[in-house]
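Notes to accompany the following structure.
Computed from the coordinates by the stated procedures, all read-outs in this text should not be read as laboratory data. Keep in mind that this is a model prediction, so the values were computed, not measured. Please note: Cβ atoms are built from the backbone with ideal geometry, for glycine as well, and neighbour counts cover all protein chains shown.
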């Protein structure tokens, strides 16, 4: 094969991205699956559901079976690339062990194969029997952010608009609750306002509580590419652990576990003391509050007085100079700053205050809602926002961020669904953990679990 300069550069770039994404370019067993096959009958599109990135995948099908997978070049998220998880999809689809290929039902204590019609009829029958005997609140569904938006919407309509129960929950309750409350309490709305497009616009990545190299490999590869191509692009990694993500960092902040808030408040202290705040933005677009009460900027400064770099250094185990350096890098008016975090921040007792403290850094500096600057919470599942939070697969929610507690919201959805408004219960029922406790108590008799494994993932 003739190797031109153009093909060499393309191959080099692909190898760099694959390496950043955790793929060994020499791994034949994966690449053989990823290669386009001349024997493919058709290519169909699908999302990869392994992590929160949501990469686009092209699936090669022949005789009704998956024979090849590759990244979708037209997808703006992964731009044709996949990580080792995505490239493994074809192998997993053709696995011979531990993979269900047909519905199974339990007979005489054993699971046996059956057809779809029989399986679906059995589910409907069991639901109907429970509803007729014990009422609509005796049945439930537990979903996940790996279900598609369309699937989540139908589940919401089925449970709340048709059956008439709010017994619908999602595993995002366990992983994203802190981020949700963080956004709601600070902005009044639940959703990140940033986008993946900010990766190519930012000058500073502030990564805290996230091992992107292994948990979001394709997004990490975009961080790597931006750092290589951008002029003076910097990366700060704040994490008690050293991970593969640290390999590209310019500043490591390995603080003691559980001291995130002290670090972030100390950075806010430095930003104010060094006069790096955007006072016009603060006055025009923010309301300062503490414990629900309005406060002034001076009162906020007084609150932060307990978080000088020197005091925070004793709490976090960091060098005070590194805290100052991080704050100045973040607040530099010549830089766009993008914060990225995930479960290291969210899944701890202080998850909500930590989320709020991250938002404070952006609001103090005005680095928000502009290209390259945003507090962008990363998720653990590709549709934790869309399926879980936007279409209402929580007991308290309805589609489009409506809630069952508000009569006008119930009326809107009842009209849209063509059902009586009284069909939608006005009160939430069980949150995730309470739902499984209700099963143990016998209050819920039929549970449909979809796209998740609570036996493995519940606390």
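Miscellaneous remarks
- Beta bridge orientation in the range 177-377: antiparallel %, DSSP, nearest 5: 15
- Per-residue ellipticity at 222 nm, computed for the chain from helices alone with -39500 (n - 2.57) per DSSP H run of at least four residues, works out to -11500 deg cm²/dmol.
- This structure gives Cα Rg over 2.2 N^0.38 Å, computed directly, and of [x] 1.04; [y] 1.09; [z] 0.98 that value is listed as [y].
- Computed over every Cα-Cα pair of the range 43-190 and binned at 5 Å starting from 0, the pair-distance distribution P(r) comes out as 2, 7, 11, 13, 16, 16, 14, 11, 7, 3, 0 percent.
- Shape call, the range 393-432: gyration tensor on alpha carbons, a/c limit 1.5: prolate
- Zone of residue 401's modelled label, taken as backbone nitrogen in the range 273-299 under 20 Å from a point 7 Å along Cα→Cβ: 285-289
- Amide N proximity, the range 144-171 versus residue 422 label position 7 Å along Cα-to-Cβ, cut-off under 19 Å: 160-166
- Packing around the peptides 406-412, 134-140, taken as the average count of other Cβ atoms within 10 Å per residue, puts them in this order, highest first: 134-140, 406-412.
- Likely footprinting exposure, 106, 128, fewest C-beta neighbours within 10 Å first: 106, 128
- Available extension along the chain between residue 332 and residue 296 is 10.6 nm, counting 0.36 nm per residue and deducting the alpha carbon span.
- Per-pair calculated FRET efficiency, R0 = 35 Å: residue 241 and residue 40 via Cβ, rounded to 0.05: 0.25
- All alpha carbon pair distances within the range 177-377 were sorted into 10 Å bins beginning at 0; the resulting P(r) in whole percents reads 9, 38, 41, 11, 1.
- Label point of residue 124 set 7 angstrom out along Cα-Cβ; within the range 431-456, amide nitrogens under 20 Å from it belong to 446-450.
- Protection proxy ranking of 356-364, 220-228, 311-319, 390-398 - average other beta-carbon atoms within 10 Å, highest first: 390-398, 356-364, 220-228, 311-319
- Here the chain carries DSSP beta bridges of which approximately 45% are antiparallel, counting only pairs with both residues inside.
- For the chain, the relative contact order works out to 21 percent when only alpha carbon pairs closer than 8 Å and six or more residues apart are counted.
- Compared with the alpha-carbon gap, the fully stretched path from residue 158 to residue 314 is longer by 50.8 nm at 0.36 nm per residue.
- Take 107-113, 237-243, 187-193 and order them by the average number of nearby Cβ atoms within 10 Å per residue, most first; the result is 237-243, 187-193, 107-113.
- Per-pair calculated FRET efficiency, R0 = 30 Å: residue 184 and residue 256 via Cβ, rounded to 0.05: 0.55
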